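Structure first, then comments.
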């Protein structure tokens, strides 16, 4: 078994790294500490062909694999951690769900501006009373002529402050089988955004409110019974989450390693102190192990959707490895690591958030255990006899 990348993949890495160093290295610190979506970066990436990496060529994409997108993400994050979020928006998340399930009409309407870096899509999943228990969602559609009327609320939606189109999980009927999704565009009558709020990493989000929003039939993405397909597409989002966590951990590791090799205390370099040597050993093992699990999930998916169990294992490993590396790197670098003059503190805040977003570590443990035993374990209390 050969764990090395092939020549084409290695060449692709080099091209993406060169692009990042030419266009994204300058301003990386400022970009991370600026509120708002980096539209300038989106347009640069679009011009470079870094959006729609997994999208078939006939739909305007590059026709690549999930592993190709992962490799690109790693190279972008190694130079500019904040710009990795832009690559996520143009390849994973809502974009990937649209790519997988959109009708020809929907592709024609939305792909051109998304691929050009002129628009961004978002996924409305979480609700005030439906987080990890996503199937408790109450946002719902009722029939109205040929279309539907959408009512409800969403929270914690990434890129919601600036998104142009939203993939909204909603209920068409009772039970899991009644859940599907619709597309809602900014400006539709009855749709409004709440006041912007900030996450710990300074990323904006807005609550989404739907008050009798009319959904024409052509704006239904997946109707009743579409929930399992949506979650299948969402596993690609989790791969993007995992990749960024791992990549930011690697970014911090490289910064801390350089610091430990040059910084001197008590008359010798920091790297000569065994306490720090062990930190680097632990970080290296965690990062390498997580990467192998991530690459397995991505490589086995090819151009399709990844296996849910492999994704859960990869996310669990990458989230923890990224957080470990970022947090320990801050400790190694002391005051400089804690300062906003560098990006270590940003990576600490960012990697901590991914242990919650896209499926918490606790939910990943549950999913992994289900795969181990081949049994679906309900988290709900047993029904009365």
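Contact map, region 283-303: residues that are assigned by TED's automatic domain parsing to the domain that holds residue 239 and touching a residue at least 12 places away in the same chain (Cβ under 8 Å) paired with residues that are buried (at least 17 other Cβ atoms within 10 Å of the Cβ) and not in a helix (DSSP H, G or I), Cβ distance under 6 Å, separation 6+ or inter-chain. Pairs shown: 297/306; 302/65; 303/65. Of all the residues in region 167-207, those that are in a loop (DSSP other than H, G, I, E, B), buried (at least 16 other Cβ atoms within 10 Å of the Cβ), touching a residue at least 40 places away in the same chain (Cβ under 8 Å) and over 24 Å from the mean Cα position of the chain (by Cα) number 1.
Of the residues contained in region 248-266, one or more are found to be assigned to a helix (DSSP H, G or I) and either out of contact with any helix residue (DSSP H, G or I) (no Cβ under 8 Å at 6 or more places or on another chain) or in the same structural domain as residue 165 (by TED's automatic domain parsing) (or both).
Among the candidates 295, 316, the residue that is in contact with a helix residue (DSSP H, G or I) (Cβ under 9 Å, 6 or more places away or on another chain), over 16 Å from residue 352 (Cα atoms) and surrounded by 15 or more Cβ atoms within 10 Å (Cβ to Cβ) is uniquely 295. Restricting to region 208-225, what's the tally of residues that are farther than 18 Å from residue 104 by Cα, under 25 Å from the mean Cα position of the chain (by Cα) and crowded, with 17+ Cβ neighbours inside 10 Å? So the answer is 2. Looking only at region 64-80, decide whether some residue is crowded, with 23+ Cβ neighbours inside 10 Å and over 24 Å from residue 235 (Cβ atoms). Yes, that holds for at least one residue.
Within region 101-133, the set of residues being over 29 Å from residue 362 (Cβ atoms) and in a helix (DSSP H, G or I) comprises 104, 105, 106, 107, 108, 109, 110, 111, 112, 113, 114, 115. Taking first residues from region 20-40 that are assigned by TED's automatic domain parsing to the domain that holds residue 50 and partners that are loosely packed, with under 13 Cβ neighbours inside 10 Å and in a loop (DSSP other than H, G, I, E, B), the Cβ contacts under 7 Å between residues at least 6 apart in sequence or on separate chains come to 33/340.
In summary, residue 132 fulfils each of the numbered conditions (1) farther than 23 Å from residue 37 by Cα; (2) without any contact (Cβ under 8 Å) to a residue 60 or more places away in the chain; (3) within 17 Å of the chain's Cα centre (by Cα) with the single exception of condition (2). The criterion of being touching a strand residue (DSSP E or B) at 6+ places or on another chain (Cβ under 6 Å) and either buried (at least 21 other Cβ atoms within 10 Å of the Cβ) or in the same structural domain as residue 292 (by TED's automatic domain parsing) (or both) holds for residue 95. I'd like to know if region 54-62 contains one or more residues that are part of a helix (DSSP H, G or I), surrounded by fewer than 20 Cβ atoms within 10 Å (Cβ to Cβ), free of Cβ contacts under 8 Å to residues at least 40 places away in the same chain and not assigned by TED's automatic domain parsing to the domain that holds residue 353. The answer is yes, given that some residue of region 54-62 is part of a helix (DSSP H, G or I), surrounded by fewer than 20 Cβ atoms within 10 Å (Cβ to Cβ), free of Cβ contacts under 8 Å to residues at least 40 places away in the same chain and not assigned by TED's automatic domain parsing to the domain that holds residue 353.
Only one of the listed residues (98, 71) is in a helix (DSSP H, G or I) and in contact with a helix residue (DSSP H, G or I) (Cβ under 6 Å, 6 or more places away or on another chain). That residue is 71.
The values are calculated or read from the model by the stated rules, or taken from the named source; none is laboratory data. Owing to the predicted nature of the structure, the values given are computational and were not obtained by experimental measurement. Glycine gets a Cβ as well: all are built from the backbone with ideal geometry, and neighbour counts include every protein chain shown.
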